[in-house]
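First the structure, in the form of structure tokens, and then the observations on it.
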Amino acid sequence: MAQKTVLRKPKGFMDVYKHKPGTEKDRTHYCPGCGHGILHKLIAEALEDFAVIDKTILISPVGCSVFAYYYFDTGNFQAAHGRAPAVGTAVSRANPDSIVISYQGDGDLAAIGGNNILQAANRGENMVVFFVNNAIYGMTGGQMAPTTLEGQKTTTTPYGRNPLSDGYPMQMCELLNQLTAPVYITRTSLHDMANIRKTRQAVRKAIRYASEKKGFSFVEVLSMCPSGWKMDAVRAQQWIKEKMIPRFPLMVLRDNAENTGPIERPVPVLDPEEVKKVLGYDTFETTGFKKRPGTMFRKVALRVAGFGGQGIMSTGIALANVGMKYGYNVSWLPSYGPEMRGGTANCSVKIQEDSIGAAECTEPNMVIAMNQPSLEKFEKLLVPDGILIYNSTLIDVEPSRKDIRVCPVPITGIADELGDTRVQSMVSVGAFAAVTGMFDPEEIKSLMPTLFAGKSEKVRKLNEEAVQKGYDHVKRNF
Amino acid sequence: MNKQWEYPYPEIDPDICKGCKLCVAACPKNVLVISSKLNSKGFHYSEYVGEGCIGCGNCFYVCPEPSAVTVYLRNYVEGEVS
Ligand SMILES: Cc1ncc(C[n+]2csc(CCOP(=O)(O)OP(=O)(O)O)c2C)c(N)n1
Ligand code: SF4
Ligand code: SF4
């Protein structure tokens, strides 16, 4: 690059900050002496010098630099608090040839976004993260940040940060240095000219690495916040030198670019046919069984609930599969949680002609309750006139609502008579078929090879019987 | 660019300067001073005393305000750098 004859506002900045509201479109919103402006300038200069302004996408954080997109003449995103590395990941994956810069403060990156940065670094995303460490939340008025020094007074640590109640300053470079993927990790400072020039070199190196697709670079910059620290800018530089550097030593923690080739990500599989194949749905066909337009249920919104181990999820999956075989739109949404260990487990199933929006059935028109707690929990959610199938083997209290249709079926008992309580699931599928009139038990039985793929003939037969028994019971009694 | 100049010098936009004094502290030749005058934002802005600049660029790089400082480096005559 030819030697410069003039040092002037770099082209990486907008000429006029036209997106900035108000009249002051010729200056930044930063406080006098704020380190953000210095780092901005170093970045903007490098983007111009490397002629990469047009292929750079900058992600602004939440914090004082939230408005970085007013200033940089690059592509810009503004991410939710702490999420710049996740947004940067998406941008980088979608535009692998672009230079992605995540620009973040220490509250943003190390507090609310602590995990985001670790994960992006761990994946070695091809991006540069500029991490402005000013030991404080600047924008919100000088609260403690993860990087606040021991003993440092902030608005939320008026007696000084006490590690016993507030923890120790977090050293993000050192933390990230535990990960395998990052290519370049360094900590620099803005406290004097020599170090501003070192920061400049680090900025340029990191941007160059990104343009060479070397992966994840992390540049931490110790930076003045004269307003938050309540001192003038020159004194703030001194404060960095005296207080911050002993805790945040300036050094290159890693520089592996020499040994790293350009990142080549596996090409994502986007072809739907290909996806179906991997998921084993390539041979899936609807049966061609005729839908029954006259059935009472045009739209099933079902909640199946019971103890973990009662085959609740299997019932849901079986019904969703059956519905799909018949060419309906279906969804199945399990709700696990601590309930996996006893208590109630449940799932939502939708089967309908129309396309499905939310998969959760908050207002089911049908509930299959396999035990008492499920009955109590889901009976009240049923819409008026909705249908409640309940397992009368295990539930001996009558449902209380009078505006619903109730259908007790001794599901566990029927299964037990068949010699295996595990077929409870298929008993309830049979009962469902009888109640809704959507499917014929014979048709469901013909699907056994799909529903019980890989299971023995004996298991299939038993489950066929279970479907029939559940179906017959409902037909006989209601 | 057809401008030419004999000695390096900084140009500080008195209206954009926020008077943070970083450039004053960073200047190795002490040729920047804070004006006794206020700009339209109420800041005492930084000024070049008029001679002594060696074109080190410190004030440019230390200034947080992108367009406050411009530094004309070296003795520049169009087309050649000395
Ligand atoms: C989800 C969410 N939580 C909290 C806030 C409030 N908030 C705005 S900026 C900020 C801290 C920013 O501090 P830092 O990242 O250190 O940046 P600085 O302002 O110091 O540059 C917080 C907590 C928010 N905007 N959004
Ligand atoms: S509060 Fe601090 S970090 Fe924010 S703009 Fe002002 S000096 Fe900069
Ligand atoms: S560093 Fe910039 S804003 Fe600060 S006094 Fe100098 S010219 Fe003004």
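Taking residues in the range B:41-64 that are on the phi > 0 side of the Ramachandran plot, and partners anywhere that are in a loop (DSSP other than H, G, I, E, B) and within 13 Å of ligand 3 (Cβ to nearest atom), the pairs with Cβ atoms closer than 6 Å and at least 6 places apart or on different chains are B:GLY52/B:VAL31.
When A:PRO449 is tested against (1) under 40 Å from the mean Cα position of the chain (by Cα); (2) closer than 23 Å to A:ALA345 by Cβ, just one condition goes unmet, and that condition is (2). I'd like the residue in the range A:96-125 that is without any contact (Cβ under 8 Å) to a residue 60 or more places away in the chain, under 21 Å from A:ARG204 (Cα atoms) and assigned to a loop (DSSP other than H, G, I, E, B) and, out of all such residues, is nearest to ligand 1 (Cβ to nearest atom). Looking at the filtered set, the residue picked out is A:SER98. Looking only at residues in the range A:222-271 that are of a type in the set (Gly, Ala, Ser) and in a helix (DSSP H, G or I), the one that is farthest from the other protein chains (Cβ to nearest Cβ) is A:ALA257. For the range A:192-204, state whether one or more residues are in a loop (DSSP other than H, G, I, E, B) and either over 16 Å from A:VAL252 (Cα atoms) or not hydrophobic (A, V, I, L, M, F, W, C) (or both). Yes, the conditions are met somewhere in the range A:192-204. What tally of residues in the range B:24-54 results from selecting those that are crowded, with 20+ Cβ neighbours inside 10 Å and at the interface with another protein chain (Cβ under 10 Å from one of its Cβ atoms)? Number of matching residues: 3.
Exactly one residue among A:SER65, A:SER60 is within 26 Å of A:GLU174 (Cα to Cα), more than 14 Å from chain B (Cβ to nearest Cβ) and either within 16 Å of ligand 3 (Cβ to nearest atom) or buried (at least 21 other Cβ atoms within 10 Å of the Cβ) (or both), and that residue is A:SER60.
The residue of the range A:363-372 that is most open to solvent (accessible area, probe 1.4 Å), among those that are under 23 Å from A:GLY437 (Cα atoms) and assigned to a loop (DSSP other than H, G, I, E, B), is A:GLU363. Residues that are assigned to a helix (DSSP H, G or I) and among the charged types (D, E, K, R) within the range A:405-427 comprise A:ASP416, A:GLU417, A:ARG422, listed in sequence order. When the residues of the range B:1-19 are narrowed to those that are at pLDDT 80 or above and open to solvent by 50 Å² or more (accessible area, probe 1.4 Å), which ends up farthest from A:CYS31 (Cα to Cα)? Ranking the candidates gives B:GLU6 first. Does A:GLU464 satisfy the criteria of being of a type in the set (D, E, K, R), in a helix (DSSP H, G or I) and surrounded by 15 or more Cβ atoms within 10 Å (Cβ to Cβ)? Judged against the criteria, A:GLU464 is a match.
Taking the condition of being under 15 Å from A:PRO61 (Cα atoms) and either open to solvent by 50 Å² or more (accessible area, probe 1.4 Å) or within 16 Å of ligand 2 (Cβ to nearest atom) (or both), how many residues in the range A:91-114 meet it?
10
Please find, within the range A:82-139, the residue that is nearest to ligand 3 (Cβ to nearest atom) out of those that are of a type in the set (D, E, K, R) and over 21 Å from A:THR260 (Cα atoms). Per the stated criteria, the residue is A:ASP106. Beta carbons closer than 6 Å, at least 6 apart along the sequence or on distinct chains, pair a first residue in the range A:5-29 that is at the interface with chain B (Cβ under 9 Å from one of its Cβ atoms) with a second that is open to solvent by less than 20 Å² (accessible area, probe 1.4 Å) and in a loop (DSSP other than H, G, I, E, B) for A:THR5/B:LEU73; A:LEU7/B:GLY57; A:LYS9/B:PRO66; A:PHE13/B:PRO66; A:ARG27/B:ILE16. The single condition among (1) hydroxyl-bearing (Ser, Thr, Tyr); (2) away from chain B (no Cβ under 14 Å); (3) within 28 Å of A:THR147 (Cα to Cα) that A:SER98 does not satisfy is (3). What residue, among those in the range A:178-208 that are more than 15 Å from A:ASN133 (Cβ to Cβ) and among the polar types (S, T, N, Q), is farthest from the other protein chains (Cβ to nearest Cβ)? Here the residue is A:THR180. Can you tell me which residue in the range B:1-44 is nearest to ligand 3 (Cβ to nearest atom), limited to those that are within 21 Å of A:ASP192 (Cα to Cα) and small (Gly, Ala, Ser)? Result: B:GLY19. The single condition from (1) part of a loop (DSSP other than H, G, I, E, B); (2) more than 24 Å from B:CYS63 (Cβ to Cβ) that A:ARG208 fails is (1).
The values are calculated or read from the model by the stated rules, or taken from the named source; none is laboratory data. Because the structure is predicted, anything quoted here is derived from the model rather than measured. Methodologically, a virtual Cβ is constructed for each residue, glycine included, from the backbone with ideal geometry; neighbour enumeration extends over all protein chains shown. These accessible areas exclude ligands, DNA and RNA; they are computed on the full protein's heavy atoms, side chains included. Shrake-Rupley method; radii C 1.70, N 1.55, O 1.52, S 1.80 Å.
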